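Report on one structure; see the data block that follows.
The values are calculated or read from the model by the stated rules, or taken from the named source; none is laboratory data. None of these values were measured; they are calculated from a predicted model. Every residue, glycine among them, receives a Cβ derived from its backbone with ideal geometry; neighbour counts consider all protein chains shown. Just the protein is used for accessible areas: all its heavy atoms, side chains included, with ligands, DNA and RNA removed. Shrake-Rupley method; radii C 1.70, N 1.55, O 1.52, S 1.80 Å.
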Amino acid sequence: MAFMQNSTPNLTQNPTPIPVTRPWISDLEIEYVNDAIRHGWGPRCYEYILRFEKALAAYQGTRHALATSSCTGAIQLAFAAIGLAPGDEVIVPESTWVASIAPIVHLGATPVFVDVLPDTWCMDLAQAAAAITPRTKAIMPVHVYGNLAPMQALKTLAEQNGLYLIEDAAEALGSVYHGQKAGSIGDIGVFSFHGTKSISTGEGGALVTSNSELFARISVLADHGRVPSEKRLFFPHEVGYKFKMSNLQAAMGCAQLERAETIVEAKRRVFQAYQTALADLPLRMNPEPAGERNAYWMSTVVFEGEQPPDRDALMQALKAEAIDSRPFFYPLTALPMFEAQPEHRVAYDLSPRGLNLPSYPELTDTDLLRVCSVLRQALQLS
Ligand SMILES: *Cc1c(COP(=O)(O)O)cnc(C)c1O
């Protein structure tokens, strides 16, 4: 590919906007959604939902899957199902989206933040181990940008301490950890199908588990507390939740899931193009250690050195050429509602150095060339 070091981009007056992400829609999605909107009512109103859940469980290699209205809803259900209550603690990484931890707070429990590792940007195992107290109920690693947390060691740690392992795989559908799909390794795994995620239903999420007891509990909680053995209609046994995915969304999800491997391969092609084109620059990108497959939800660059370039200025320069990008996650404890923990040096250091580049599957070689050229030019200026 012609990613020349000094190639100048073909800057036009009104360059075509390049968003940071967008779902890849084929005729299949349109066909299924059309079918759902025409026929998916009455006796067929759950057809695509059930099919989607079955397909997701098969893809993940788990016994059960539940489609939800969002990943945030799936996380809420997961923590409610394990009985998370005020006084309990959950160990979580600093570098993630706030959705990972909001349900913990809503249930009155306490998120205990730990630092991330400089290479994977995922939960630091040693810090997670050190953070365990008698109040700890669960550990929640997050596979940030598709990168994988050290699952085998975390699983052992959780088992040795009698803790639940809840895997936030919202950003890692299609990532594989030593033969196991991300999200299928912990007690419960959660996914997001938000419009920005690799596989999308517009808004949506899911939860997977192979623990049938937990799944039975989750199913009751997710259905407003209605128990399967109760024959009376409208007779819940407790106050539950409702985070259901619609049949229309599930129809889109079924098509996306059938095409999941194609989509992941396209994301990998995008990442590899960036990696090759930017290889000479002082930056790191998402890692892919031996034995793992990274589904690269976001092709991410982290600038090295004592004085990294001004990340926000870079974003502005890209924006000026109609190229969208995203900053690396702020450490959650840097947000106003938490107490700052700058001793989590890795997460605090990564944040101003990191940038998500446009990462959607349909990016063309020309688009990729344009992004890299503009980035290079901006780096010379900054
Ligand atoms: C997107 C995301 C979520 C939340 O997903 P929603 O479907 O928007 O609720 C949770 N965790 C992580 C890590 C995410 O990236």
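Annotation note: Cβ proximity below 7 Å between a residue of region 109-133 that is of a type in the set (Asp, Glu) and a residue that is open to solvent by 10 Å² or more (accessible area, probe 1.4 Å) (sequence gap 6+ or interchain) occurs for ASP115/ASP124; ASP115/GLN127; ASP115/HIS344; ASP115/ARG345; ASP115/VAL346; ASP119/PRO287; ASP124/LEU117. Of all residues in region 275-306, exactly one satisfies the criterion of being surrounded by fewer than 17 Cβ atoms within 10 Å (Cβ to Cβ) and of a type in the set (Val, Ile, Thr), namely THR276. Candidates are the residues of region 191-223 that are of a type in the set (D, E, K, R) and closer than 18 Å to TRP97 by Cα; the one that is most open to solvent (accessible area, probe 1.4 Å) is GLU203. Among the residues of region 117-149, the ones that are under 24 Å from LEU283 (Cα atoms) and either surrounded by fewer than 20 Cβ atoms within 10 Å (Cβ to Cβ) or over 16 Å from the mean Cα position of the chain (by Cα) (or both) come to 4 in all. Criterion first (within 16 Å of the ligand (Cβ to nearest atom), out of contact with any helix residue (DSSP H, G or I) (no Cβ under 7 Å at 6 or more places or on another chain) and not basic (Lys, Arg)) does GLY195 satisfy it? Yes. Considered as a group, the residues in region 74-107 that are in a loop (DSSP other than H, G, I, E, B) and surrounded by fewer than 23 Cβ atoms within 10 Å (Cβ to Cβ) include one that is nearest to the ligand (Cβ to nearest atom), and that residue is TRP97.
If you go through region 172-190 one residue at a time, how many are in contact with a helix residue (DSSP H, G or I) (Cβ under 6 Å, 6 or more places away or on another chain) and either open to solvent by 10 Å² or more (accessible area, probe 1.4 Å) or within 11 Å of the ligand (Cβ to nearest atom) (or both)? Counting residues in region 172-190 that are in contact with a helix residue (DSSP H, G or I) (Cβ under 6 Å, 6 or more places away or on another chain) and either open to solvent by 10 Å² or more (accessible area, probe 1.4 Å) or within 11 Å of the ligand (Cβ to nearest atom) (or both) gives 5. From the list CYS45, CYS71, the lone residue that is within 16 Å of the ligand (Cβ to nearest atom), open to solvent by 10 Å² or more (accessible area, probe 1.4 Å), at pLDDT 95 or above and in contact with a helix residue (DSSP H, G or I) (Cβ under 8 Å, 6 or more places away or on another chain) is CYS71.
The helices (runs of 4 or more DSSP H) found wholly in region 310-382 and carrying at least 1 residues that are basic (Lys, Arg), at pLDDT 95 or above and in contact with an Asp or Glu (Cβ under 8 Å, 6 or more places away or on another chain) occupy 345-353, 365-381.
Would you check if there is a residue in region 230-242 being buried (at least 23 other Cβ atoms within 10 Å of the Cβ), modelled with pLDDT of 95 or more and closer than 29 Å to PRO23 by Cα? Within region 230-242, none of the residues are buried (at least 23 other Cβ atoms within 10 Å of the Cβ), modelled with pLDDT of 95 or more and closer than 29 Å to PRO23 by Cα.
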